[in-house]
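Participant: The following block contains the structure, expressed as structure tokens.
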Amino acid sequence: MTRRGNVWTASALAVTLVVAPATAWAAETGLPGVPTGQPAATQGLVSASHPLAAEAGRQILSQGGNAVDAAAAVQMALNVVEPMMSGIGGGGFLMIYLKEQNKVAILDSRETAPGKSTPQLFLGRDGKPIPFAERHTNGNAVGVPGTLLGVETALAKYGTMNLSLVTQPAIRYADEGVPVNWATAKYIADNAAKLQKWGTAGAVFVPNGQPLKEGETLKQPELANTLKRVAEQGSDVLYEGELGDAIVAEVQRTGGMMTKDDLLRYQVKEREAVRGTYRGYEVVSMSPPSSGGLTVLEILKLMEGYNLPKMGNNSTDYLHRLIEAMHLSYADRAAYLADEDFRAVPRKGLLDDRYIAQRREGINPNYANAAVKPGDPWKYEERKQPLAAVPQTENPTGQTTHFSVVDKAGNLVAYTTTIEQVFGSGIMVPGYGVMLNNEMTDFDAVPGGVNQVEPYKRPLSSMSPTLVLQDGKPFMALGSPGGPTIIASVAQTLMNVIDFRMPIQEAILAPGIYSSAYPTVRWEPGLTQDARLELTSKGHSFEEQAAYIGNVQGVIFDYTTGKMYGGADNTRQGAVLGVDGGVNWTAPQAPVIATPTVQLPFKVKRNGASLPYSLGQLMLQDGTSYVEAEKLLLGLGAKGQNFSKHFVHFGGTTQYLPVRKVAESLGYLVEWDAKTATVLLTKEHPTAIGGAGKWYSEDEFKITK
Ligand code: GLU
């Protein structure tokens, strides 16, 4: 498969970093997602999580390459500038929309399980799963890598340039070194111990025991040599050659069982996309072995039954239904989704209108459903399948990378690519500078479910590269990293654009949530306290501290004008670069989330979930606890009720209410836990019964058509 080509020389590594203007954006054309008053590109555009990777893609586009050529260059560059997230030691899903043929192609270069692996791979001697920290940094965590063959295949089938040419920017970055940006510095510092575990990676990223800092230069001469060999020999160097030998040796040295035969047998697969409509748009997303497309679409289909603009973005009504839709969809994900080459997946059933309508009946407009179970999508398929065991383990959220490209012909690429956790397994191939993935830990550690480890199988992914088409025209490409949170990020960004008509950049930065199961909700800064209080009163439970979720990169192609726009996330140094100028900016660092240091006088918990009050809203006076009136009523689910006769003031105009008196009159059992200084409020509500379909008809937001 080796193909030689011209040597590409990067004209400049420097990228002008311009912060996007904080304009009040509104849609100017008929298409959502399009910003007003912002320059556009017309000759191609890249949105990636690192400016130098975006630049590699932009340069390939300006040399006449198509979106696939640019995507290949971005991936090879990411291997160097963002080595903790993706590279030729990992795998990914590349989704392409080919304008001329009006066709979607997917190249699945997901890692596979080595032939010698067994369902018990991650069980310790005691029969219990080996703790994640240990099992993901061991040779057994390394799946047979697919990215290099994926990129090479994409170029051969859908590109116009060769691997050698598109690898040149990456070689130059590795040879000359690149400045460590704030994101890379943070990821190195957070993972220093893991990088040092097997030695080789530590020497590159934590030289002399000191993690590389922002502004220092990351030089990777060994990786540069490897990439030069890749440029000369193509993927053979990995699947049949010296790099493959070195990978196998290192995987075995670190406890794994990968063989040369596993590399020889590795295949990139073309997959049929998952397709569904959402409010008239065609959403085309990743099929198994990813759970992404089906789960994104199940969430969207459930939400399609509601009038979201009427609810308002991030309103309590919206978020409550979204959380419930996520619970239902993630429950189905755990029960039914796996590598389709090994297990039948109810693709049709899961998105069947009748199934969706039945699932939606599990959403009570007032209370969290505490008893969500997987549904039976096989009912809507001709071929029935028994339900396998559903393992309850969830791994820590990983981080990978997503980028999107549109070229001047209107071809789109959405590419999510990974080595699983940050810095993958932490294992670097000695002498070659390649980080190896820990994708095997995306299998269930416990055998018995559809996603158990099996030889040559691909672990279940959540990666959701997604394209949106309208009337058969290319409109949008997006995706995100973040393990299972990917699905939530992609679904919310799509609703932000399509329902709430936010321009793409705003849609990406809008605060989001993630909740895969009752009751815990992860939330991003910016989600209002009022919404969190009210949602807690409905039975949800918010993580104590905000956290950033995902890292979305998206592009919009306004096919009515030929203009191109992009959005990049600010949780890394995301960048949007247009070929003909126009869009050209780098995301400033997202505000750091501070750990609260103030000691609250007391806490309030409702059915075990903390109500998120802040210091000035709580008063403790003569052994009686008071909460700011409006906030207390929100947290108790009694918004707007009149308790004015109990109002108390503490010197200012703010009205407070005594917690016990108000809560008891609302039917709560009230206890004081002196040890933790917490008011414990308990009230049974229909949450406890869950499940059945008796609420839906009263919903004022229902769309009945
Ligand atoms: N291993 C993850 C998956 O395939 C991707 C890495 C991440 O972002 O967590 O779903």
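Participant: Within the stretch 331-356, which residues are surrounded by 20 or more Cβ atoms within 10 Å (Cβ to Cβ) and outside any helix (DSSP H, G or I)?
Facilitator: Passing the criteria: 337, 338, 339, 343, 345, 346.
Participant: Can you tell me which residue is surrounded by the fewest Cβ atoms within 10 Å (Cβ to Cβ) among those in the stretch 662-676 that are farther than 15 Å from residue 637 by Cα and charged (D, E, K, R)?
Facilitator: Taking the candidates together, the pick is 675.
Participant: Right, here's the next one. For the stretch 387-404, check the following and say yes or no: at least one residue is closer than 27 Å to residue 65 by Cβ, more than 15 Å from the ligand (Cβ to nearest atom) and open to solvent by 10 Å² or more (accessible area, probe 1.4 Å).
Facilitator: no
Participant: Just checking, which of 570, 584, 607 is surrounded by 13 or more Cβ atoms within 10 Å (Cβ to Cβ) and over 30 Å from residue 55 (Cβ atoms)? Walk me through it before giving the result.
Facilitator: Values: 570 fails: over 30 Å from residue 55 (Cβ atoms); 584 fails: over 30 Å from residue 55 (Cβ atoms).
Every option except 607 fails the conditions.
Participant: Additional query: Would you confirm whether or not the stretch 420-430 contains a residue that is in contact with a Pro (Cβ under 8 Å, 6 or more places away or on another chain) and either away from the ligand (no atom under 14 Å from the Cβ) or small (Gly, Ala, Ser) (or both)?
Facilitator: No, every residue in the stretch 420-430 fails to be in contact with a Pro (Cβ under 8 Å, 6 or more places away or on another chain) and either away from the ligand (no atom under 14 Å from the Cβ) or small (Gly, Ala, Ser) (or both).
Participant: If residue 530 meets every condition in (1) surrounded by fewer than 24 Cβ atoms within 10 Å (Cβ to Cβ); (2) at positive phi apart from one, which number is that one?
Facilitator: Residue 530 satisfies all of (1) surrounded by fewer than 24 Cβ atoms within 10 Å (Cβ to Cβ); (2) at positive phi except (2).
Participant: Quick check on residue 551: is it under 12 Å from the mean Cα position of the chain (by Cα) and either in contact (Cβ under 8 Å) with a residue 24 or more places away in the chain or open to solvent by 20 Å² or more (accessible area, probe 1.4 Å) (or both)?
Facilitator: Considered against the rule, which asks whether it is under 12 Å from the mean Cα position of the chain (by Cα) and either in contact (Cβ under 8 Å) with a residue 24 or more places away in the chain or open to solvent by 20 Å² or more (accessible area, probe 1.4 Å) (or both), residue 551 comes out as yes.
Participant: Right, here's the next one. Checking residue 384 against (1) assigned to a loop (DSSP other than H, G, I, E, B); (2) modelled with pLDDT of 95 or more; (3) away from the ligand (no atom under 15 Å from the Cβ), which single condition isn't satisfied?
Facilitator: Among (1) assigned to a loop (DSSP other than H, G, I, E, B); (2) modelled with pLDDT of 95 or more; (3) away from the ligand (no atom under 15 Å from the Cβ), residue 384 violates only (2).
Participant: Continuing with the same structure: Listed residues 490, 576, 583; which is at pLDDT below 95 and not small (Gly, Ala, Ser)?
Facilitator: Exactly one of 490, 576, 583 is at pLDDT below 95 and not small (Gly, Ala, Ser), namely 583.
Participant: Still on this structure, I have one more. Given (1) open to solvent by less than 10 Å² (accessible area, probe 1.4 Å); (2) at pLDDT below 95; (3) of a type in the set (Asp, Glu), where does residue 439 come up short, assuming only one miss?
Facilitator: The single condition residue 439 does not satisfy is (2).
Participant: Report yes if residue 522 is surrounded by fewer than 22 Cβ atoms within 10 Å (Cβ to Cβ) and either touching a residue at least 40 places away in the same chain (Cβ under 8 Å) or in contact with a Ser or Thr (Cβ under 9 Å, 6 or more places away or on another chain) (or both), otherwise no.
Facilitator: yes
Participant: Give the residue, chosen from 514, 456, that is touching a residue at least 60 places away in the same chain (Cβ under 8 Å), of a type in the set (Phe, Trp, Tyr), open to solvent by less than 30 Å² (accessible area, probe 1.4 Å) and touching a Ser or Thr at 6+ places or on another chain (Cβ under 8 Å). Even if it seems obvious, please write down each step before you answer.
Facilitator: Details: 456 fails: open to solvent by less than 30 Å² (accessible area, probe 1.4 Å).
After ruling out the rest, the residue left standing is 514.
Participant: Those residues that are over 16 Å from the mean Cα position of the chain (by Cα) and either within 16 Å of the ligand (Cβ to nearest atom) or open to solvent by less than 40 Å² (accessible area, probe 1.4 Å) (or both), I need them from the stretch 273-287; list them, please.
Facilitator: As a first pass, look at the stretch 273-287 and keep what is over 16 Å from the mean Cα position of the chain (by Cα): 273-284.
Scanning the stretch 273-287 gives 273, 274, 276, 278, 281, 283, 284.
Participant: Next up: Kindly establish whether residue 614 is touching a residue at least 24 places away in the same chain (Cβ under 8 Å) and open to solvent by less than 20 Å² (accessible area, probe 1.4 Å).
Facilitator: Criteria not met by residue 614.
Participant: Which of the following residues is closer than 29 Å to residue 174 by Cα and in contact (Cβ under 8 Å) with a residue 24 or more places away in the chain: 462, 489, 480?
Facilitator: The match here is 480.
Participant: To continue, here is another question. Given the options 232, 270, name the one that is open to solvent by 70 Å² or more (accessible area, probe 1.4 Å), farther than 23 Å from residue 119 by Cα and part of a helix (DSSP H, G or I).
Facilitator: Going through 232, 270 in turn, just one is open to solvent by 70 Å² or more (accessible area, probe 1.4 Å), farther than 23 Å from residue 119 by Cα and part of a helix (DSSP H, G or I): 232.
Participant: Determine the pairs where a residue that is among the acidic types (Asp, Glu), located within the stretch 395-414, has a partner that is away from the ligand (no atom under 13 Å from the Cβ) with Cβ atoms under 7 Å apart, the partner being 6 or more residues away or on another chain.
Facilitator: Note: pairs meeting the criteria are 407/44; 407/61; 407/66; 407/67; 407/70.
Participant: Looking only at the stretch 49-63, which residues are under 23 Å from the mean Cα position of the chain (by Cα) and farther than 16 Å from residue 167 by Cβ?
Facilitator: Matches in the stretch 49-63: 49, 50, 51, 54.
Participant: Go through (1) open to solvent by 10 Å² or more (accessible area, probe 1.4 Å); (2) assigned to a loop (DSSP other than H, G, I, E, B) for residue 114 and report which single condition fails.
Facilitator: Of the numbered conditions (1) open to solvent by 10 Å² or more (accessible area, probe 1.4 Å); (2) assigned to a loop (DSSP other than H, G, I, E, B), the odd one out for residue 114 is (1).
Participant: Quick one: which helices (runs of 4 or more DSSP H) sit completely within the stretch 156-221 and have at least 2 residues that are farther than 26 Å from residue 62 by Cβ, open to solvent by 30 Å² or more (accessible area, probe 1.4 Å) and not hydrophobic (A, V, I, L, M, F, W, C)?
Facilitator: Hits in the stretch 156-221: 182-190, 192-197.
Participant: Shifting gears a bit: Can you work out which of the residues in the stretch 483-511 that are out of contact with any Ser or Thr (no Cβ under 6 Å at 6 or more places or on another chain) and of a type in the set (Gly, Ala, Ser) is nearest to residue 584 (Cα to Cα)?
Facilitator: Looking at the filtered set, the residue picked out is 510.
Participant: Evaluate the stretch 316-325: report whether one residue or more is in contact with a helix residue (DSSP H, G or I) (Cβ under 7 Å, 6 or more places away or on another chain), without any contact (Cβ under 8 Å) to a residue 60 or more places away in the chain and either of a type in the set (S, T, N, Q) or surrounded by 19 or more Cβ atoms within 10 Å (Cβ to Cβ) (or both).
Facilitator: Looking for residues that are in contact with a helix residue (DSSP H, G or I) (Cβ under 7 Å, 6 or more places away or on another chain), without any contact (Cβ under 8 Å) to a residue 60 or more places away in the chain and either of a type in the set (S, T, N, Q) or surrounded by 19 or more Cβ atoms within 10 Å (Cβ to Cβ) (or both), one finds at least one in the stretch 316-325, hence yes.
The values are calculated or read from the model by the stated rules, or taken from the named source; none is laboratory data. All figures in this text were calculated on a predicted structure; none of them were measured in a lab. Positions of Cβ are backbone-derived with ideal geometry, glycine not excepted, and every protein chain shown enters the neighbour counts. Areas reflect the complete protein model, heavy atoms only, side chains present, ligands, DNA and RNA absent. Shrake-Rupley method; radii C 1.70, N 1.55, O 1.52, S 1.80 Å.
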